[in-house]
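Okay, structure first, notes after.
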């Protein structure tokens, strides 16, 4: 099972010990990043392992490798020597590991540390992109059989992440640390077991991260159940681009934990949909949730689709076909949307009500199909009126742009207003989709955004006296449907009260 390593990036050793104590129950070892320490603290590192009370990696990382050390190689070797000097017979008082880059030549130091049981991590870092020959790099890194080969790359696309998973398969029997830095590669930190990686690095929340997109140890162990993930653990994904703050991993992983199901759900930001499907095959994804901007683009790539996808002309859920060689598309947004709205307004249908949809993307398509099914009158307004017209046409709905003309038409369709655009999503919380519209207080307003809890649009509506609803209830409802599609069993409804208080660090 991969270990969890907490990277310590404090300016003082005392700060590092305080951080370590906070997370001690979540980690197996720590990495002392000497390059982050104040200069006068760097020569006091020798006794740190004894104070830490657990295995510690000694690292002095150069800027070229993603670190902060700016002095010459002579000064860096001196620091490494200071930390490893006067080794004691009780190995717990020594650094358990030392990280030495592939181009650092210190044979005398290496021989000395081996004598007292300190293991060498022979590392290579590419902070610019991902190499094409990662597997060859891993195989050639080690200079002795007791070393651990480490490769850390910074993928610029999901295609780069695929290279890493393929390299992992080709080096299956090699003791290694294999990492993707940055947002595209956060999944590799969670799925260290799938990569056969010796450990996964993490950083304390609120502190300087040792590398881009490192997770907090508590998040890694409690939300993603890192220690429960094995080589054969089914993986479910959420994909889109860019993936903003999402509660979905909390919903699914909380349910997996509650029901003791061996599975994990995590985000995979994808700059290209075809790349995501290739990655899905590479790591044998069990299922996926699809969000902006791929809900429509995915449809031609499906082996088959449900009636909901064909009606809404949008897909937000993928499950494996019976053969396992393709994907079946579903749309759980539709019933999630209508169930949430009807429950809120206390009606069984929308007969006699005028509804305005702001937006014309995948979520708007789900809303439009349900409004038509529920016999509501509807107006679709979009920044691009042609998109609004295309969505409105099959239902013979009215349409227009987010402009003065659209505003005039909206007066006849303002019983219910449905906001489906990303405007106002964290961190751009002040954005509004249609600031021209002035609420009268008689409207029911539903914003499908759920983070923040109240968007600027909803706040303005609420201040005018409108009844308002955010998208969290819809999120939970559609996730419950996805859960059934993924696992063939009902979502544990007793968890719903717990989900209402969820916060996330995405």
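Here are the numbers for the structure shown:
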| quantity | calculated |
| --- | --- |
| Tally of residues being part of a loop (DSSP other than H, G, I, E, B) and either assigned by TED's automatic domain parsing to the domain that holds residue 493 or in contact with a helix residue (DSSP H, G or I) (Cβ under 8 Å, 6 or more places away or on another chain) (or both) across the range 452-470 | 3 |
| Unique residue being free of Cβ contacts under 8 Å to residues at least 12 places away in the same chain and either surrounded by fewer than 18 Cβ atoms within 10 Å (Cβ to Cβ) or under 21 Å from residue 127 (Cβ atoms) (or both) when the list is 230, 206 | 206 |
| Helices (runs of 4 or more DSSP H) completely within the range 53-158 that count 3 or more residues being in contact with a strand residue (DSSP E or B) (Cβ under 7 Å, 6 or more places away or on another chain) and within 28 Å of residue 22 (Cβ to Cβ) | 73-84 |
| Residue tally, condition at pLDDT 95 or above and in contact with a strand residue (DSSP E or B) (Cβ under 8 Å, 6 or more places away or on another chain), over the range 438-453 | 7 |
| Sole residue being free of Cβ contacts under 8 Å to residues at least 40 places away in the same chain and not in a strand (DSSP E or B), chosen from 478, 484 | 484 |
| Residue in the range 433-449 that is outside the structural domain of residue 320 (by TED's automatic domain parsing), within 30 Å of residue 224 (Cα to Cα) and in a loop (DSSP other than H, G, I, E, B) present | yes |
| Residue in the range 242-263 that is modelled with the highest pLDDT, counting only those that are under 13 Å from the mean Cα position of the chain (by Cα), assigned to a loop (DSSP other than H, G, I, E, B) and closer than 19 Å to residue 477 by Cα | 247 |
| Residue in the range 36-56 that is within 19 Å of residue 200 (Cβ to Cβ), over 31 Å from the mean Cα position of the chain (by Cα) and in the same structural domain as residue 137 (by TED's automatic domain parsing) present | no |
| Among (1) in contact (Cβ under 8 Å) with a residue 12 or more places away in the chain; (2) crowded, with 17+ Cβ neighbours inside 10 Å; (3) at negative phi - the single one residue 359 does not satisfy | (3) |
| Among the candidates 115, 188, 171, residue that is in the same structural domain as residue 77 (by TED's automatic domain parsing) and under 22 Å from the mean Cα position of the chain (by Cα) | 188 |
| Residue 370 vs. criteria modelled with pLDDT of 95 or more, assigned to a helix (DSSP H, G or I) and surrounded by fewer than 21 Cβ atoms within 10 Å (Cβ to Cβ) | no |
| Test for residue 117: is it modelled with pLDDT under 95 and within 16 Å of residue 57 (Cβ to Cβ) | yes |
| Any chance residue 50 is surrounded by fewer than 23 Cβ atoms within 10 Å (Cβ to Cβ), under 20 Å from residue 212 (Cα atoms) and touching a helix residue (DSSP H, G or I) at 6+ places or on another chain (Cβ under 9 Å) | no |
| Qualifying position, being outside any helix (DSSP H, G or I) and outside the structural domain of residue 374 (by TED's automatic domain parsing), among 296, 274 | 296 |
| Unique residue being in a helix (DSSP H, G or I) and buried (at least 19 other Cβ atoms within 10 Å of the Cβ) when the list is 266, 279, 285 | 279 |
| Test: residue in the range 349-359 that is assigned by TED's automatic domain parsing to the domain that holds residue 412, part of a loop (DSSP other than H, G, I, E, B) and closer than 17 Å to residue 291 by Cα | yes |
| Qualifying position, being at pLDDT below 95, outside the structural domain of residue 295 (by TED's automatic domain parsing) and farther than 19 Å from residue 404 by Cβ, among 336, 362, 376 | 362 |
| From 314, 322, residue being surrounded by fewer than 23 Cβ atoms within 10 Å (Cβ to Cβ) and assigned to a loop (DSSP other than H, G, I, E, B) | 322 |
| Check on residue 134, touching a helix residue (DSSP H, G or I) at 6+ places or on another chain (Cβ under 6 Å) and either surrounded by 13 or more Cβ atoms within 10 Å (Cβ to Cβ) or under 22 Å from residue 13 (Cβ atoms) (or both) | yes |
| Residue within the range 161-172 that is assigned to a loop (DSSP other than H, G, I, E, B) and at negative phi present | yes |
| Filter pass, residue 215 being in the same structural domain as residue 133 (by TED's automatic domain parsing), within 17 Å of the chain's Cα centre (by Cα) and assigned to a loop (DSSP other than H, G, I, E, B) | yes |
| Identity of the residue in the range 25-46, touching a strand residue (DSSP E or B) at 6+ places or on another chain (Cβ under 9 Å) and in a helix (DSSP H, G or I), that ends up surrounded by the fewest Cβ atoms within 10 Å (Cβ to Cβ) | 26 |
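The values are calculated or read from the model by the stated rules, or taken from the named source; none is laboratory data. If you're wondering where the values come from, they're calculated on a predicted model, not measured in any experiment. Backbone-built Cβ (ideal geometry, glycine too); neighbour counts: all protein chains shown.
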